[in-house]
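**Q** The structure follows.
Any read-out appearing in this document is the output of simple, stated calculations on the displayed coordinates, not a laboratory observation. In this text the structure is predicted, and so the values were computed from the model without any measurement. Every residue, glycine as well, gets a Cβ built from its backbone with ideal geometry; the counts of neighbours run over all protein chains shown.
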Amino acid sequence: MSAQPTQTEQPATNYSFDESEFWRTISAWRDVDADTFGDFRWQQQNSVTSVPAIQEVLQDLATPSLIADIEAGLLKTPMNVRLTPYVFSLINWEDAAADPVRRQFLPLGSEFMPDHPHAMDDPIAEEGHKATPFLTHRYPDKALFLPITLCPVYCSFCTRSRVVGGSTAVKSKSTYGAKSSEWDATFEYIRNSPQLEDIVISGGDSLLLRPGQIRQIGITLLNIPTVRRIRFATKGVAIMPMKFTSDTEWMDALTEVCELGQARMKEVALHTHFNTELEITAWTASAMKSLSATGVRVRNQSVLIHGVNDSFDHMRRTTKKLSSLLIQPYYLYLHDMVPSCEHLRTTVRVAENLSQRIQGSTAGFNTPRVVCDAPGGGGKREISSYTLYDQEIGVSAWTSPTAKPGEIFYYYDPIHQLSNEGRTLWTNEPEINRRLAKFKAEATAKAEATRF
């Protein structure tokens, strides 16, 4: 009989990645060969953007009940539908309702729950910290450059659902594409703000910037003496890895920016976004091989999503598989309090417990920091660093002594995940208001007592 494993032993992680032609299980793509599937242009041109397109691609798998549920979901979400064939094929369409990949990108009406009374369109207060039309300056030495509001895919849980991806049945938006001629004021603000050392280029998705725009942004920023680091934020590695193996012009532009960064002793990074190991395939490995050759540093930021990655075993496997491909797990965010996402959010306690278990499961530099981006502009706070937390009513208080001294920010857990007593309190408006007032008074007193 073999020896029993000790408590500290864990099963080995499987670092093999799906090399099959999994897209051939989709009726419309049964005859698509690997070369065609691996062309970023084909991926863009065949993206699924409507219910009729879903039906056309799925054919027999598009059951009437599934289509009706999707149609109901699209009447409730602020995000449009757009999935690359790569992502669409990763969904288990035999059991779409339970599939973690589908849950992120394609809403079902049957999943939705009423918004929390304290949900907000702009939970991390980006609009209120705009320094130029395209630049948000919330942190002392870091700014967020948003040159585009379009993405190759649209996530149901998007924190910028107020502006990204075009209008829907419930949300009118003024989206914009990348226009190089409109960025002069942004570059000038950065030049005149010597405290800014770190610039994030996001959106939308920087993957949709043209090669010339990648060069323009990268070279302009790296040539500003006080800028030390730039990061291109893109979900592309997770949702269209073919971009990095088949778009040579785009990769040449990124390589040129990376080489300039090396010459200037400045960091050029790419921040991507995997939420589950189901998104990691052999295509991911090929993309990372191409990216590694450029010298770019690749980090991952995940969102904690109920029914997708809110278990230790799943997150551990995802973290280790990412790090095996030189993708550094960086942040795991508590889900922002955006509308139409109650069914996707978790509680602070779930996130805190997950953080405690992840720590020590692998090397520290490959351990994601679990954080709450404190609503109202408090910034990223370690998940256990709240000033006060009332689990019964699901409210936590956060301070940011350096970035926002003297302010308190509040995060609210999804009501349906509270105890019976907590859910009952939220149905009694006078009582919940009294309880919240008491909590905020206690949080204020505690913050004052611990101020340093």
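**Q** Can you sort TRP283, TRP250, TRP398 from fewest to most other Cβ atoms within 10 Å of each residue's own Cβ? Intermediate values should be presented prior to the final figure.
**A** Values: TRP283 22, TRP250 19, TRP398 27.
By the 10 Å Cβ count, ascending: TRP250, TRP283, TRP398.
**Q** Taking θ = phi - 60°, what integer Hz values does the Karplus form 6.51 cos²θ - 1.76 cosθ + 1.60 yield along region 213-227, in sequence order, with x for Gly and Pro?
**A** Here the 3J(HN,Hα) series is 6, 4, 4, 4, 5, x, 5, 4, 5, 5, 7, 7, x, 7, 7 Hz.
**Q** Right, another one. Under 5 Å between amide H atoms, partner at least 5 residues away or on a different chain: which partners does ALA125 have, H built in plane at 1.01 Å?
**A** When sequence neighbours closer than 5 places are left aside, the close amide H contacts are GLY376, GLY377.
**Q** Once phi is turned into θ = phi - 60°, what whole-Hz ³J(HN,Hα) does the Karplus curve with 6.51, -1.76 and 1.60 give for every residue of region 254-263, x standing for Gly and Pro?
**A** 4, 4, 4, 5, 4, 5, 5, x, 4, 5
**Q** To continue, here is another question. So how do THR77, THR25 line up by other beta-carbon neighbours within 10 Å, fewest first?
**A** Details: THR77 24, THR25 14.
Lowest count first: THR25, THR77.
**Q** Then there is this: Helix-only mean residue ellipticity at 222 nm, the chain, DSSP H runs n ≥ 4 weighted -39,500 (n - 2.57), per residue, nearest 500. What is it? Don't skip to the end; give the middle numbers.
**A** On the way: 16 runs with 151 residues, N = 452.
Estimated from H runs of four or more residues: -9500 deg cm²/dmol.
**Q** Which value in nm describes the separation of the simple spin-label points at THR49 and SER172, placed 7 Å from the Cα toward the beta carbon?
**A** Roughly 2.2 nm, to one decimal.
**Q** Mean separation of Cα pairs under 8 Å and 6+ residues apart, divided by the residue count of region 219-361: what relative contact order is that in percent? Could the numbers behind the result be given before it?
**A** Working: 196 pairs, mean separation 32.1, N = 143.
The normalised contact order for region 219-361 reaches 22 percent.
**Q** Could you derive backbone 3J(HN,Hα) for region 107-112 from the dihedral phi with the Karplus parameters 6.51, -1.76 and 1.60 (θ = phi - 60°), listing whole Hz in sequence and x where the residue is Gly or Pro?
**A** Ordered by residue, 3J(HN,Hα) equals x, 10, x, 5, 8, 5 Hz.
**Q** Taking amide H atoms as placed 1.01 Å from N in the peptide plane, list the residues 5 or more away in sequence, or in a different chain, whose amide H sits under 5 Å from that of ARG138.
**A** Distant-sequence amide H within range of ARG138: LEU144.
**Q** Further question on the same structure: Nearest 5 is fine: what % of DSSP beta bridges in the chain come out antiparallel, could you say? All intermediate terms of the calculation are to be shown ahead of the outcome.
**A** Details: 19 of 45 bridges.
Close to 40 percent.
**Q** Defining a contact as two alpha carbons under 8 Å apart and six or more residues distant in sequence, what relative contact order in percent does the chain show?
**A** Values: 835 pairs, mean separation 61.1, N = 452.
Relative contact order of the chain: 14 percent.
**Q** Still on this structure, I have one more. Rank the residues LEU75, LEU221, LEU150 as a footprinting-exposure proxy: fewest other Cβ atoms within 10 Å of their Cβ go first. Please report the intermediate quantities before stating the final value.
**A** Numbers: LEU75 12, LEU221 24, LEU150 19.
By the 10 Å Cβ count, ascending, the order reads LEU75, LEU150, LEU221.
**Q** Taking amide H atoms as placed 1.01 Å from N in the peptide plane, list the residues 5 or more away in sequence, or in a different chain, whose amide H sits under 5 Å from that of ASN300.
**A** Answer set, sorted by chain and number: THR272, GLN328, TYR330, TYR331.
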